[in-house]
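The values are calculated or read from the model by the stated rules, or taken from the named source; none is laboratory data. Please read all numbers here as calculations on a predicted model, not as lab measurements. Positions of Cβ are generated from backbone atoms using ideal geometry, with glycine treated the same way; all protein chains shown enter the neighbour counts. Keep in mind that these areas ignore ligands, DNA and RNA; they rest on the heavy atoms of the full protein, side chains included. Shrake-Rupley method; radii C 1.70, N 1.55, O 1.52, S 1.80 Å.
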Amino acid sequence: MFSGLSSRFLPLVRASPVRRLHVSASLRAEEPVGNATSKLSKDQLKKREVRRFAQKKAAARRPASEHPLYMPVDKALRFLRAAEVGQPQSQQTLSVTTIVISERGAPLLSGNVSFPNALKELKIAVFTNDEQQAQIAREKFNCHVVGGSELVEKIKQGQVPLDFDKSFATPEIATLLASQLGRILGPRGLLPAAKKGTVSENLESLIKDSMGTLPFRQRGNNISIAVGRCSFTDKQLLENIVAAQKSVKEALANQKAKKPSLLGQTTLTSTRGPGIVIDFA
Amino acid sequence: MSRVARQLKFLNKISSSTLEPQVVLNSQKYAGLNLTFQYQNHNGHMGARKFWHEYMPTLQFYNPGLQFQVTRVKNEDKNNAGVPCVLQTIGKDGSVLETLDMRDKQHSEIMQEFLEKADYEKVPESDIVRV
């Protein structure tokens with residue numbers, strides 16, 4: 001009976017290639033659908049999300065000292081310095097990472113931190129076609145890279161290394177920057193934009209304000225700020241951590257969200273060392 | 001093993017579970033140690049590297065005032081046995097007090113030989129940090 005069916009069916013399929021194509025395509029499309037759908041309904045998924053968010057918030061409200069990996073900063077530094085022993089100085093960077101708990105759709109936290117003990121010299125890039133402004137940037141502030149349209153072209157071709165930490169521009173070049181270098185500078189947070197306050201007619205006052213500050217921003221669910229090196233003294237490092245804490249709090253206060261975000265667990269870690277929970281909030 | 005338990009084990013390895021280097025070196029006499037060896041293991045440099053990885057963190061933990069420096073040399077050529085593999089004890093005035101050859105030795109042997117010559121005190125049981 002089976003052979004009879006296939007013999008009756010086959011000529012039909014062979015006769016019309018369009019139909020055969022359709023049959024195989026629809027089969028393939030159906031297969032993954034059956035496997036990928038979750039067993040939970042939409043309602044249940046939503047409930048689960050709400051529950052998890054509440055759990056995260058409750059965890060953030062608990063004091064850091066309850067965590068089994070909690071240590072006072074000086075003791076933590078002793079462990080981190082021990083873990084980094086013998087490594088090259090330049091690779092012994094200590095950083096503070098904070099988990100941010102925010103509602104979905106809340107704007108990402110970002111801000112500037114000014115350290116009393118600087119990690120490294122800040123490198124600034126200035127984009128302008130105005131010769132006068134460029135002169136000021138070069139002479140008064142000793143900026144790392146200064147230039148106009150020709151610099152934009154060079155960066156686009158990869159001739160100028162992107163080793164600066166901050167960039168500023170004048171309004172006449174800002175649109176050119178956004179269209180030409182948006183793809184290159186944007187992901188690194190280096191693109192000057194009026195919204196960020198890095199585009200202005202008067203670059204002098206702008207650079208003066210941001211001299212000695214380092215930008216930071218939220219990536220995913222956390223903020224990570226490099227605060228020092230193992231060779232710093234405990235006092236220097238503590239001062240830097242306090243400065244970082246202050247600016248994160250400030251960014252949190254300025255955030256334009258419906259409900260304020262929370263800071264969760266904060267860890268102090270080094271390049272190769274363990275992450276140790278510290279008091280930050 | 002959970003994430004936290006693994007981390008605690010790592011911390012305890014530095015502070016309490018590695019027994020041999022739980023010593024306080026005489027800080028009146030020493031300024032630190034300098035180690036020089038290869039990146040690669042050949043020609044008997046493995047013990048030196050293990051000494052650095054296994055014992056130096058604990059040594060630094062109980063001697064926070066001392067400077068420990070590690071210089072590693074890249075040497076891909078196995079026939080070139082000229083790279084030194086030494087542990088130097090540095091005195092207060094920056095001079096080299098003692099030199100210990102670490103070539104062809106296990107890390108525990110190096111520790112033993114170092115402690116035989118060095119001026120140190122064992123860390124008292126009450127000062128050992130347990131996390």
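With the structure loaded, tell me whether B:Ser95 is among the small types (Gly, Ala, Ser) and either closer than 16 Å to B:Val23 by Cβ or open to solvent by 60 Å² or more (accessible area, probe 1.4 Å) (or both) or whether it fails that test. So B:Ser95 does not fit the description; no. In the set A:Lys46, A:Lys57, A:Lys42, only one residue is among the charged types (D, E, K, R), at pLDDT 85 or above, over 21 Å from A:Leu238 (Cα atoms) and open to solvent by less than 80 Å² (accessible area, probe 1.4 Å); that residue is A:Lys57.
Within the range B:63-83, the residues that satisfy the criterion of being over 28 Å from B:Lys122 (Cβ atoms) and either surrounded by 17 or more Cβ atoms within 10 Å (Cβ to Cβ) or among the polar types (S, T, N, Q) (or both) are B:Thr71, B:Arg72, B:Asn75, B:Asn79, B:Asn80, B:Val83. Against the numbered list (1) surrounded by fewer than 20 Cβ atoms within 10 Å (Cβ to Cβ); (2) in contact with a Ser or Thr (Cβ under 7 Å, 6 or more places away or on another chain), B:Leu33 comes up short only at (1). For B:Lys9, are the conditions met, namely being under 12 Å from the mean Cα position of the chain (by Cα) and closer than 20 Å to A:Glu84 by Cα? Criteria not met by B:Lys9. Against the condition at pLDDT below 90, out of contact with any Asp or Glu (no Cβ under 7 Å at 6 or more places or on another chain), assigned to a helix (DSSP H, G or I) and closer than 30 Å to B:Pro57 by Cβ, how does A:Ser26 come out, does it pass? When the stated conditions are applied, A:Ser26 does not pass them. Hey, any hits in the range A:75-93 for a residue that's basic (Lys, Arg) and more than 10 Å from chain B (Cβ to nearest Cβ)? The answer is no; no qualifying residue exists. With the structure loaded, tell me whether B:Thr89 is open to solvent by 50 Å² or more (accessible area, probe 1.4 Å) and either within 10 Å of chain A (Cβ to nearest Cβ) or hydroxyl-bearing (Ser, Thr, Tyr) (or both) or whether it fails that test. Taking the combined requirement at face value, the residue does not satisfy it. Per this entry, B:Ala5 is counted among residues that are within 14 Å of chain A (Cβ to nearest Cβ) and loosely packed, with under 13 Cβ neighbours inside 10 Å.
Exactly one residue out of A:Gln87, A:Gln135, A:Gln91 is surrounded by fewer than 20 Cβ atoms within 10 Å (Cβ to Cβ), outside the structural domain of A:Phe232 (by TED's automatic domain parsing) and either farther than 25 Å from A:Asn240 by Cα or modelled with pLDDT of 85 or more (or both): that is A:Gln135.
Can you confirm whether B:Gln60 is closer than 30 Å to A:Lys75 by Cα, within 14 Å of chain A (Cβ to nearest Cβ), surrounded by fewer than 18 Cβ atoms within 10 Å (Cβ to Cβ) and free of Cβ contacts under 8 Å to residues at least 60 places away in the same chain? Judged against the criteria, B:Gln60 is not a match.
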